Structures are given as structure tokens and as C-alpha cells.
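Working notes for the structure below.
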Amino acid sequence: MLGLFDRGYPRNRSVAAALRSAGVGVDVAHRKVWEKLRVHESPWVGFWARGYLGVRVLWAMISLLPEAVWKARRCDVIWVGFPGHTDVPLAGLIGKLTGRPVVFDAFISWYDSAVRDRKLFPKKSWTARLLRFWDYWSCKLSDRVVVDTPEHAMFFRRLFHVRKSKMVALPVGVDEGVFRSEVGAVGGEGPTDGIRGLRVLQYAEYTPLHGGEWVLEAARLLAERGVAVAIEMVGDQGPWTERLKERMAAMGLKNVRWSDYVPERELVEKIAGADVVLGVFGDTAKARRVVPNKVVQGLAMGRCVLTAATPAVRRELAVGVEVAGCAPGSGAELADAIAALTGDVELRRSIAAAGRKRFEASFSTAALGAVLERELEQLVAVRERARGLRRGVGVEVE
């Protein structure tokens, strides 16, 4: 994996594990930049912040260049990890110098996330135009562009004019060494710890995608109905998180507890202790295109997952069988779904068990490895035919 990608991000970890599981050679050329930025939108806010970030990126690229060229010569494919939009020009240059194809794991669009979903910048601002251009140019310079769902692939094709033959849909995966079903017995109930009612968990950065406001509205409605639930919301720092905390306090909710950012190890314990793990409920275009990390992590750990029944979710999962669902952007429907799960232990266990089976078939390390092996073999074969060469498959990743 080449570039300034975030080594700790779930996408990069699951891709690396999937490649290894398929027997693909793994190597890395990397410099730290994004790992140090916990709040993802903060680097873009303010002229000086963006300038400083640009200098850091440029210096990291210069220092990385000799190592990247040397390692790329030993590989068959250059993989640009997430976030790698700033890395693609360097990867493209090295690809030209060494004759290696470039695979860009775009995963998401910078423009879509910052402008359309989070609304950090007006659509006609120079920053928005720059982000859109960067998305377009990164895809243009790559031989393959990887996203998480077919819906996202269609979005990239329409907005950035990426050829269908360049797009690859690779589902979200997990680090199976961390998110293990043995931690929370499949279909089992979390420990009570003296807590009355169903234990419900949502964790997120809390942007419009996640729909935290609908979780609070559902909690209010459940309290009015006398449905016993204990909802825990785990949120990272950021403007949306602060607004939700203020809203929760103003609503005077007694059945919701807020926890700030927790280490991954503690988060896994919280998932294992939950009866129901919540996905995303935002009624946004991006929410309709994704199957988020938290949904797949909940499935991997054998928990009953409840999320908005979006087109992407319905494509990948049987709603009502492998995952519980409700309409997006509706606190009332979310409350109804939680109430139904509260009164039916067997339904929760059945959904959790079926969801775990679906994880193994579609989202596991082995399943993702098979997809990657097939796609990379095809890519290398095309390049070899063009160059008249025959070699084995190896990939520069971590």
C-alpha cells in the first residue's frame, strides 16, 4: 500500500488481511499524516489549517518517493490505501516509471462527504470545486477505482465520469482478529449489569449520515410509551457530536447515556455487551449508498443489528432476517423497530445468527480476499498482455 493512508482505519486493515488470506504478497511504502488527525473535517477548516496540511502532505510525498520507486519495482500492482486522494498523482507517476498499474481505493468521495453530506463548504466555493476536481483527477489517473457498494460505483460513474470497466465494488470488512464472534456469543444477550431494559448501542463520528438526531427522537418516544431501553451513544469529537449532546440535555432523556471516544478494545467490549447494535439512519444520498463499518462489525460479532433499510443495505442483506430495518430519517419508525426487538428475544437471536452467516459469506476476510484476488489477477493479466510479459501476482499493500 503506497502513500499517506491511515494504517489504523478499518478499511485498510480489512483490505490488507483479505489480500494476505488470498496468498497475495504484501509490502508497504508509507508516511504518517492522516493517523494524526482524529477529527476528519478539522484539516479543511481555515486557510492556515489547509495550508499547513498541504505542506505536510508535500513533504511526506518527497520523502516517500525513493522508497516508493524501489518497492514498486518489486511488485505487480500499486495499491493506494484510504484516504489516498493526495497519493494518486505520486502513485500514477511511479506507475508510469515502473510499468505497474495503480489501484485506488477511493472508498468515499471527498467532495460528497465534505460538501454534499457534511455541508462544510458551499457547492460553488473554491474548496468544493477543488475537492470535486481532486476526486475526478484521482480516478482519472488510476487503472482501477475501488468503492464499497455498487450504488457508490454508480455515483462515481455519474459524477466523475469513471468508466464502468474501471470500477470495483469491494464490501466493507473488519479486522477479524478484533471483531470476533467469540467475544459476544452469536445471538446471545449482553450482560445486564443491573441495567433495566434492552441494551442498545450506537457509535459514530456523528455526521448527517449517522442520523443521531433520530436516535434521540426514538429514545424520547420510547420513554413516552414506557418501553424499557438503555441506549448508549459513543461519539467522537466534532461539531455534530456537540450539537447532539446539547440536544440530548435539552430533551432531558433518562434512557440515553453519552460516552466520548473510547479505544477500540473498549468499543469491542461495548458491542459484545449490547443486545442491539445500531447502524445509520440519516436520510441523505450518501446514507442510501453505503453499508457502514458499524453494521458489518455488529454482524461479525454476532449481534442483532438494526439500521435504515436503504437500497445498499437491501442489496447486501435480507432486512428482517439478517438485519433489522426501518425507514431512514424517522424517529417514530426507529422507535417502533426497537420496541419490536425489545419484546422478542427469539427474533433478536435469529437475526443475529443469520447476520453472522451473511457476514461469513459476503463480508469476511476470506470473501473479500476472493474478490480482490480475482480483480487483481484480471488487472495484471491485461497489463501483461499489453506488455507481452508473464509474471505472478504481488501487490504493494500493508
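The values are calculated or read from the model by the stated rules, or taken from the named source; none is laboratory data. What you are looking at is a predicted structure, and each value in this text was computed from that prediction instead of being measured. Cβ coordinates were reconstructed from backbone atoms using ideal geometry, including for glycine residues, and neighbour counts include every protein chain displayed. Remember, those area values only see protein heavy atoms, side chains included, never the ligands or the DNA or RNA. Shrake-Rupley method; radii C 1.70, N 1.55, O 1.52, S 1.80 Å.
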Return the total of residues in the stretch 107-127 being assigned to a helix (DSSP H, G or I), more than 27 Å from PRO311 (Cα to Cα) and open to solvent by less than 80 Å² (accessible area, probe 1.4 Å).
1
Based on this model, can you work out whether GLU375 counts as surrounded by fewer than 18 Cβ atoms within 10 Å (Cβ to Cβ) and modelled with pLDDT of 90 or more?
yes
Residues (in contact with a Phe, Trp or Tyr (Cβ under 6 Å, 6 or more places away or on another chain) and either assigned to a loop (DSSP other than H, G, I, E, B) or more than 25 Å from GLU266 (Cβ to Cβ) (or both)) located in the stretch 204-253
TYR206, THR207, GLY211, TRP214, ASP236
Residue count, the stretch 132-152, condition part of a loop (DSSP other than H, G, I, E, B) and either in contact with a Ser or Thr (Cβ under 7 Å, 6 or more places away or on another chain) or not polar (S, T, N, Q) (or both), comes to 2
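Restricting to the stretch 164-208, and then to whatever is among the small types (Gly, Ala, Ser) and modelled with pLDDT of 80 or more, can you tell me which residue is nearest to ASP336 (Cα to Cα)?
Looking at the filtered set, the residue picked out is GLY197.
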Does GLU246 satisfy the criteria of being open to solvent by 20 Å² or more (accessible area, probe 1.4 Å) and in contact with a His (Cβ under 8 Å, 6 or more places away or on another chain)?
no
Every residue from the stretch 210-229 that is surrounded by fewer than 24 Cβ atoms within 10 Å (Cβ to Cβ) and under 30 Å from ILE108 (Cα atoms):
GLU213, LEU216, GLU217
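Across the stretch 309-343, what is the total count of residues that are closer than 19 Å to VAL172 by Cβ, in contact (Cβ under 8 Å) with a residue 60 or more places away in the chain and not hydrophobic (A, V, I, L, M, F, W, C)?
Going residue by residue through the stretch 309-343, those that are closer than 19 Å to VAL172 by Cβ are 309-319, 322-325, 328.
Pick out the ones that are also in contact (Cβ under 8 Å) with a residue 60 or more places away in the chain and you get 311-312, 315-316, 328.
Filter again for not hydrophobic (A, V, I, L, M, F, W, C), leaving 311, 315-316, 328.
Looking only at that region, the number is 4.
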Of those in the stretch 273-308 that are assigned to a helix (DSSP H, G or I) and within 19 Å of ALA153 (Cβ to Cβ), the residue most open to solvent (accessible area, probe 1.4 Å) is ARG288
Just give me the residues in the stretch 25-62 being at pLDDT 70 or above, touching a helix residue (DSSP H, G or I) at 6+ places or on another chain (Cβ under 6 Å) and in a helix (DSSP H, G or I), in sequence order.
LEU53, MET61
For the stretch 63-81, does any single residue satisfy the condition of being closer than 22 Å to GLY238 by Cβ and open to solvent by less than 50 Å² (accessible area, probe 1.4 Å)?
no
Look at GLU346 and say whether it is in a helix (DSSP H, G or I), closer than 22 Å to LEU216 by Cα and either touching a Gly at 6+ places or on another chain (Cβ under 9 Å) or free of Cβ contacts under 8 Å to residues at least 12 places away in the same chain (or both).
no
If I filter the stretch 82-97 down to residues being open to solvent by 10 Å² or more (accessible area, probe 1.4 Å) and out of contact with any helix residue (DSSP H, G or I) (no Cβ under 7 Å at 6 or more places or on another chain), which single residue comes out as farthest from ALA60 (Cα to Cα)?
LYS96
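Table: residues versus (1) over 17 Å from VAL215 (Cα atoms); (2) in contact with a helix residue (DSSP H, G or I) (Cβ under 6 Å, 6 or more places away or on another chain); (3) aromatic (Phe, Trp, Tyr).
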residue: GLN297; (1), (2), (3): yes, no, no
residue: ARG303; (1), (2), (3): yes, yes, no
residue: ALA309; (1), (2), (3): no, no, no
residue: ALA324; (1), (2), (3): no, yes, no
residue: ALA327; (1), (2), (3): no, yes, no
residue: SER330; (1), (2), (3): no, no, no
residue: LEU341; (1), (2), (3): no, yes, no
residue: GLU346; (1), (2), (3): yes, no, no
residue: SER350; (1), (2), (3): yes, no, no
The stretch 90-141: number of residues that are farther than 18 Å from ALA72 by Cβ and among the β-branched types (Val, Ile, Thr):
3
